[in-house]
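Okay, structure first, notes after.
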Amino acid sequence: MKLQAERIAGVNAVSSFDAGEVSINGQRHAASVIVPWKGDVQPWGVARFEDLCAADFERIAALQPELVIFGSGARIRFPAPAQMRPLIDRRIGLETMDSGAACRTYNVLVAEGRCAVLALLIDTPPLRAPA
């Protein structure tokens with residue numbers, strides 16, 4: 001689905017999102033990413049929700065956002081409090097939603113001038129053995 005006709009001046013914006021791919025400022029990404037309101041989009045080495053750990057959220061906390069929008073994939077899945085501890089300790093809010101909703105919400109927040117980070121999980125399906 002196309003989300004943004006053009007780039008929001010001075011900030012990163014999601015241009016489009018499909019289940020296996022996201023486009024940020026017109027650049028396509030087929031793996032999980034961290035999208036700060038300003039600066040470089042960063043690869044996020046998380047291929048599956050089950051692989052999330054506190055270190056993954058520590059990277060996000062280091063960006064010092066006021067709010068993190070976590071796109072958990074095709075369905076809403078909430079990280080364990082221990083995984084979110086780096087955000088909790090710094091009093092950084094976290095909102096969890098499916099990845100499509102997360103992309104739309106992130107765009108609204110940055111368009112309003114908020115210092116938000118989109119942590120977008122693009123699930124890698126498990127490999128299946130040939131039948």
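A few remarks follow.
- Every pair of residues 6+ apart whose Cβ atoms lie under 8 Å, when the first sits in the stretch 24-53 and is farther than 13 Å from Val14 by Cβ while the second is outside any loop (DSSP other than H, G, I, E, B) and acidic (Asp, Glu): Ala30/Glu21; Trp44/Asp56; Gly45/Asp56; Val46/Asp56
- Top-ranked residue in the stretch 95-120 [being surrounded by 22 or more Cβ atoms within 10 Å (Cβ to Cβ) and not in a helix (DSSP H, G or I); ranked as farthest from the chain's Cα centre (by Cα)]: Ala116
- Residue in the stretch 73-92 that is surrounded by 17 or more Cβ atoms within 10 Å (Cβ to Cβ), in a loop (DSSP other than H, G, I, E, B) and modelled with pLDDT of 95 or more present: yes
- Evaluation of Val11 against (1) of a type in the set (Val, Ile, Thr); (2) assigned to a strand (DSSP E or B); (3) over 13 Å from the mean Cα position of the chain (by Cα) (one fails), failing number: (2)
- Positions within the stretch 32-54 being within 14 Å of Leu121 (Cα to Cα), in contact with a strand residue (DSSP E or B) (Cβ under 8 Å, 6 or more places away or on another chain) and either among the aromatic types (Phe, Trp, Tyr) or at pLDDT below 95 (or both), in sequence order: Trp44
- Hits in the stretch 60-94 - residues which are under 12 Å from the mean Cα position of the chain (by Cα) and within 22 Å of Ala30 (Cα to Cα): Ile60, Val68, Ile69, Phe70, Gly71, Ser72, Gly73
- Complete set of residues in the stretch 77-107 that are in contact (Cβ under 8 Å) with a residue 60 or more places away in the chain, touching a strand residue (DSSP E or B) at 6+ places or on another chain (Cβ under 6 Å) and not polar (S, T, N, Q): Gly100, Cys103, Tyr106
The values are calculated or read from the model by the stated rules, or taken from the named source; none is laboratory data. Nothing here was measured: the structure is a model prediction, and the numbers come from that model. All Cβ positions, glycine included, derive from the backbone under ideal geometry; neighbour counts span all protein chains shown.
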